[in-house]
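First the structure, which I've put down as structure tokens, then a few questions once you've had a look.
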Amino acid sequence: MATRKRLSKNFTIEEFDCTDGTDVPTAAIPALEELCVHMLEPLRAKYGPCTVLSGHRATNYNRSIGGVQFSQHIYDQSPGSVAADLRFARGSVRQWAASARWRFNTKSVWHKRGRGGSGRYMEAGFIHVDSGSRRNWEG
């Protein structure tokens, strides 16, 4: 199957399509490219290959898995702010989250606009990053 779009050097749009088969909305592609270039690629360079566990979620799919109503994963609701749940080949959840939070706090693409949500899910073994408003949490 041909790739619909390469978002950055190592990420394609198919990795962010909803598990139910719904494609990433076209309006969300610029924000997703920004997340890939300015967050996911640097994390991948440090921690190795990345698995995108969850990117875009269609509203009905999000509801079916118990996701919050206004999740950053529902790209249709706010296409300028997108999210991804990630796992890397090397390092730990604690290290991945610390690196993501450092980037959100220091890199102008995020810092100057007060953007960058980061959650760490220790037991499940992944982090969440999004380009929404600045906040950090433990899941």
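A short reminder: the numbers here are calculations on the coordinates, not readings from a lab. Here the structure is a predicted model, which means the values were calculated and not measured. Heads up, the Cβs are rebuilt from the backbone with ideal geometry, glycines too, and the neighbour counts pull from every protein chain shown.
Quick one: what Rg and Dmax do you get for the range 13-138 from the alpha carbons, in Å?
13.4, 36
Tell me which of 24, 81, 93 sits at the most positive position along the dipole axis of the chain, charges placed on C-beta atoms (Lys, Arg +1; Asp, Glu -1).
93
Compute the separation of the alpha-carbon centres of the range 19-67 and the range 72-139 and state it in Å as a whole number.
Using only Cα atoms, the two centres lie 11 Å from each other.
What ranking do 71-81, 23-33 get when scored by the average of other Cβ atoms within 10 Å per residue, highest first?
Peptide ranking by packing, descending: 71-81, 23-33.
Filter the GluC sites (Glu not before Pro) in the range 34-139 down to the DSSP loop ones having no more than 12 other Cβ atoms within 10 Å, then list what survives.
123
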